[in-house]
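Step one of this worksheet: look at the structure below.
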Amino acid sequence: MRNLSILALHGPNLNLLGQREPGVYGTVTLDEINRLLEQEAKSLEAKVSALQSNHEGALVDAIQAASGQHHGILINPGAYTHTSVAIRDAIAAVAIPTVEVHLSNIYRRESFRHHSYIAPVAVGQISGFGPESYRLGLIALVNYIRQT
Ligand code: DQA
């Protein structure tokens, strides 16, 4: 399948990347991550549409609206990873293949970050490689969609 359409969703506080806790999240900005995804998408013959929101309901709305519009979802749910049954249920409801990514390795951090509500409804999770998590996640998602 050529011209695959992928929705990249960025959760709360990820708009602050570049200035937010650089020791944990690095200095690359969200715009730079989106450009990295666009570049990688081009070489995969796919297209990425990116959206960031600090609001749980807006992310749920975007996941619902992806139905029939996008073939896959790449999501960094930020702190909602550890709290949001609503985002998990939205992903389960639309049944669009979803890959969860994190800049930091959530399992090396505080114990409250060790549980993800999203992981059980995702195809898989990539955590700990900084911006590279997104690129690896996109490649894995596109390959998964093309193989199934
Ligand atoms: C994060 C990890 C989360 O625990 C945290 O709340 C974030 C960013 C990451 O990309 O490493 O906001 O999802």
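The values are calculated or read from the model by the stated rules, or taken from the named source; none is laboratory data. Computed from a predicted structure; not experimentally measured. FYI the Cβ positions are ideal-geometry reconstructions off the backbone, even for glycines, and counts take in every protein chain you see. In case anyone asks, the SASA skips ligands and DNA or RNA and just uses the protein heavy atoms, side chains included. Shrake-Rupley method; radii C 1.70, N 1.55, O 1.52, S 1.80 Å.
It is to be established whether one or more residues within the range 44-64 are assigned to a helix (DSSP H, G or I), more than 12 Å from the ligand (Cβ to nearest atom), open to solvent by 60 Å² or more (accessible area, probe 1.4 Å) and closer than 20 Å to G130 by Cβ. No, there is no match, as no residue in the range 44-64 is assigned to a helix (DSSP H, G or I), more than 12 Å from the ligand (Cβ to nearest atom), open to solvent by 60 Å² or more (accessible area, probe 1.4 Å) and closer than 20 Å to G130 by Cβ. Selection of the range 18-31 for residues being surrounded by 13 or more Cβ atoms within 10 Å (Cβ to Cβ) and in contact (Cβ under 8 Å) with a residue 24 or more places away in the chain yields Y25, G26, V28. Here are some conditions: (1) small (G, A, S); (2) touching a Pro at 6+ places or on another chain (Cβ under 8 Å); (3) under 16 Å from G137 (Cα atoms). S84 meets all but one. Which one does it not meet? Of everything listed in (1) small (G, A, S); (2) touching a Pro at 6+ places or on another chain (Cβ under 8 Å); (3) under 16 Å from G137 (Cα atoms), S84 misses just condition (3).
For I6, the conditions (1) more than 12 Å from the chain's Cα centre (by Cα); (2) farther than 18 Å from G130 by Cβ are fulfilled apart from (1). Taking the range 66-148 as the region of interest, the strands (runs of 3 or more DSSP E) fully inside it that hold 3 or more residues being within 10 Å of the ligand (Cβ to nearest atom) and closer than 20 Å to P12 by Cα are 98-102. Among the residues of the range 21-43, write down those that are in a loop (DSSP other than H, G, I, E, B) and either touching a helix residue (DSSP H, G or I) at 6+ places or on another chain (Cβ under 8 Å) or within 21 Å of A66 (Cα to Cα) (or both). Scanning the range 21-43 gives G26, V28.
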